[in-house]
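Participant: Have a look at the structure that comes next, please.
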Amino acid sequence: MAERDLLIVGAGPVGLALALALKDSGLAVALADARSADAVAGDARTLALAHGSRLTLERLGAWRGLPVTPIESVHISHQGGFGRTLLRASAHELPALGYVASAGALAAALRREVDAAGIPVFDDTEVLQLEPGETAVSARLGGGGAPASTLGARRVACAEGGMRADDADVLTHDYRQHALIGTVAVAGGHHGRAFERFTADGPVALLPCGKDYALVHVAPPARADELLALDDAAYLSVLQAQLGSRVRLTGVSGRLRYPLLLRYRRQPAGRRCVWLGNAAQTLHPVAGQGFNLALRDVWALARTLREHAGDPGAPATLSAYARARGLDRFGTIRFTDALVRIFSTDFFPLRHGRGAGLFALDLIPPLRHFVAKRMMFGARAWP
């Protein structure tokens, strides 16, 4: 007999959101995370939250009091060519197109709601092994110096953890790019405006975060080495040249880097197991869709489990979830991948073609509206 209906592996924002989405479903849910609650709450990574994600977090009770910075407009352009567009929240009668928050602050807000709902979380507990059986999954747990124990669950949802490159169901594409992240100060404040600047090396994004900007600067690995070796003043000069005169940079801090890969599972569901968030796909940060896609995974899985009574790990339930996520999941993966490939090349025809595309986007309101809706609500956001 399974001890739980659902074991969620990972008590970060994705796993906690799933637990909350099921809090009144009648399912016995538990979470396990190798990290402590304080470590999860101390995650300094920056998340871009689309308007659709705000609506989901409001329904989960985690939005009120969450420290966020609104994105009221997004300026999109490319270096070395004509064409630019400006997306405004006011054009959609919204207070913001999206928001910027720290992953730790969001996790802490979600954890408060999970604790209030009485959903158990096993902190400092690593899931050492999962063994799917006919009626349940046997999860071997350990950590904190305690002896390993076993917990049974009718279904396991993996919301954290990487995908093995040798897994036959996992597809990987190396973009041969690295992302430099950091914090950038600007003269005169950001006024809620984000910037996406496409260059021959890769995109540069500035996201309003507090009084400063969160920076994502994409470049080939060798160029990233050079940029990271520069002192702050020299790096700021390079960055200013790439961004042009749209914003005046005054300082930079906290520069780090990481490689960029597209990696995703062909099927997000297997035998009594389902994968969502970074356990199902990792995307290029060009459109800020990673966490927003993960939150849509969460909502779809919760809805599927509510609609299919009985065994939550039954093959029909798993298949229903996989079908429900197909359009949005693969649509978002392909949309993001296409942006990277089109805008990360200096091939002359493409360079002028993308400039014309941005020019058309600025002149044709329905097209601009579609792109904005796509970024806010995913691949199901048709005009």
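Participant: Would you please list the contacts, defined by Cβ atoms under 7 Å and residues six or more apart or on different chains, that run from a residue in the stretch 36-58 that is in contact (Cβ under 8 Å) with a residue 12 or more places away in the chain and among the charged types (D, E, K, R) to a residue that is in a helix (DSSP H, G or I) and buried (at least 22 other Cβ atoms within 10 Å of the Cβ)?
Facilitator: Sorted first by the residue in the stretch 36-58, then by its partner, the pairs are ASP43/ALA107.
Participant: Kindly list the number of the only condition in (1) more than 25 Å from ASP5 (Cβ to Cβ); (2) modelled with pLDDT of 85 or more; (3) among the hydroxyl-bearing types (Ser, Thr, Tyr) that fails for THR317.
Facilitator: The failed condition is (1).
Participant: Quick one: which strands (runs of 3 or more DSSP E) sit completely within the stretch 30-111 and have at least 1 residues that are under 16 Å from CYS209 (Cα atoms) and not hydrophobic (A, V, I, L, M, F, W, C)? Full working, then the answer.
Facilitator: Working: elements: 46-50, 69-71, 73-78, 84-88, 98-102.
Correct list: 46-50, 69-71, 73-78, 98-102.
Participant: I'd like to know if the stretch 242-249 contains one or more residues that are more than 21 Å from the chain's Cα centre (by Cα), assigned to a strand (DSSP E or B) and either surrounded by 15 or more Cβ atoms within 10 Å (Cβ to Cβ) or modelled with pLDDT under 95 (or both).
Facilitator: Of the stretch 242-249, the ones more than 21 Å from the chain's Cα centre (by Cα) are 242-249.
When the remaining residues are screened for being assigned to a strand (DSSP E or B), the result is 249.
When the remaining residues are screened for being either surrounded by 15 or more Cβ atoms within 10 Å (Cβ to Cβ) or modelled with pLDDT under 95 (or both), the result is 249.
Yes, some residue in the stretch 242-249 is more than 21 Å from the chain's Cα centre (by Cα), assigned to a strand (DSSP E or B) and either surrounded by 15 or more Cβ atoms within 10 Å (Cβ to Cβ) or modelled with pLDDT under 95 (or both).
The rows are residues; the columns are (1) aliphatic (A, V, I, L, M); (2) crowded, with 19+ Cβ neighbours inside 10 Å; (3) at pLDDT below 95; (4) under 13 Å from ALA159 (Cβ atoms).
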{"residue": "GLY277", "(1), (2), (3), (4)": "no, yes, yes, yes"}
{"residue": "LEU283", "(1), (2), (3), (4)": "yes, yes, yes, no"}
{"residue": "ALA287", "(1), (2), (3), (4)": "yes, yes, yes, no"}
{"residue": "ASP311", "(1), (2), (3), (4)": "no, no, yes, no"}
{"residue": "ARG323", "(1), (2), (3), (4)": "no, no, yes, no"}
{"residue": "ASP328", "(1), (2), (3), (4)": "no, no, yes, no"}
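Participant: Cβ-Cβ distance below 6 Å, separation of 6 or more or different chains: which pairs start in the stretch 77-95 with a residue that is on the phi < 0 side of the Ramachandran plot and end on one that is of a type in the set (Lys, Arg) and at pLDDT 75 or above?
Facilitator: Within 6 Å, the pairs are SER77/ARG197.
Participant: State all residues of the stretch 264-275 that are under 11 Å from VAL156 (Cβ atoms) and assigned to a loop (DSSP other than H, G, I, E, B); if no residue qualifies, say none.
Facilitator: ARG271, ARG272
Participant: Would you tally the residues in the stretch 276-295 being on the phi > 0 side of the Ramachandran plot and part of a helix (DSSP H, G or I)?
Facilitator: So in the stretch 276-295, the residues on the phi > 0 side of the Ramachandran plot come out as 277, 288.
Then keep just the ones that are part of a helix (DSSP H, G or I); that gives 277.
Counting residues in the stretch 276-295 that are on the phi > 0 side of the Ramachandran plot and part of a helix (DSSP H, G or I) gives 1.
Participant: Give the residue, chosen from ARG35, ARG4, ARG45, that is within 19 Å of the chain's Cα centre (by Cα), over 18 Å from GLU307 (Cα atoms) and among the basic types (Lys, Arg).
Facilitator: Selected residue: ARG45, the only one of ARG35, ARG4, ARG45 that is within 19 Å of the chain's Cα centre (by Cα), over 18 Å from GLU307 (Cα atoms) and among the basic types (Lys, Arg).
Participant: Here is a follow-up. Of the numbered conditions (1) more than 30 Å from TYR213 (Cα to Cα); (2) touching a strand residue (DSSP E or B) at 6+ places or on another chain (Cβ under 6 Å), ALA21 satisfies every one except a single condition; which is it?
Facilitator: (2)
Participant: Turning to a different aspect of this structure: For the stretch 8-23, check the following and say yes or no: at least one residue is in a strand (DSSP E or B) and either more than 21 Å from the chain's Cα centre (by Cα) or within 27 Å of VAL216 (Cβ to Cβ) (or both).
Facilitator: No, the stretch 8-23 has no match at all.
Participant: Only one of these is among the charged types (D, E, K, R), at pLDDT 90 or above, under 19 Å from PHE291 (Cα atoms) and surrounded by fewer than 19 Cβ atoms within 10 Å (Cβ to Cβ): ARG112, ARG59. Name it.
Facilitator: ARG59
Participant: For the stretch 217-234, name all the residues that are surrounded by 16 or more Cβ atoms within 10 Å (Cβ to Cβ) and not in a helix (DSSP H, G or I).
Facilitator: HIS217, VAL218, ALA219, PRO220, listed by residue number.
The values are calculated or read from the model by the stated rules, or taken from the named source; none is laboratory data. What you see is a predicted model; the values in this text were computed from it and never measured. No Cβ is skipped: glycine too gets one built from the backbone with ideal geometry, and neighbour counts run over all protein chains shown.
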